[in-house]
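Each remark here refers to the structure printed beneath this line.
The values are calculated or read from the model by the stated rules, or taken from the named source; none is laboratory data. Computed from a predicted structure; not experimentally measured. When we count neighbours, we look across all protein chains shown, and the Cβ atoms used for this are built from the backbone with ideal geometry, even at glycine.
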Amino acid sequence: MKRIFTLILFTTFFTNAFSQKKPKPELRTVGTSDIAKNDKWKEDFKIKKEKFNVYLGYQAINSDLRQINGDTLEVYKITFDKRKSSEMEITKYATRNGKIIHKGFL
């Protein structure tokens, strides 16, 4: 009886402990992307001895009811030093036919 009780107790304990493990995310966080060859390097900066790179990329907007095919976004991509994917993206301008139609979050 004592063995059965300890077996049930350990089974319950380990089941609860292993059920709390979260699976590793297969997708990257929203707002990140790869650094393309046509993205231009803009600047390097340091925060507490950690070096970051800033790239400027252009992103074509998918056709939507309120948008025209010529619309593009200027996106600043911030990466850790010499990495190929961005950690954060900031939209600076939205342009239509070369004219700024909306300023972003910077």
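Scoring GLU26 on the criteria (1) over 20 Å from ARG96 (Cα atoms); (2) at pLDDT 70 or above leaves a single failure, condition (2). Take the range 62-96 and flag every residue that is among the hydrophobic types (A, V, I, L, M, F, W, C), loosely packed, with under 15 Cβ neighbours inside 10 Å and modelled with pLDDT under 85. Scanning the range 62-96 gives LEU65, ILE68, MET88.
Within the range 82-97, the residues that satisfy the criterion of being of a type in the set (Gly, Ala, Ser) and assigned to a strand (DSSP E or B) are SER85, ALA94.
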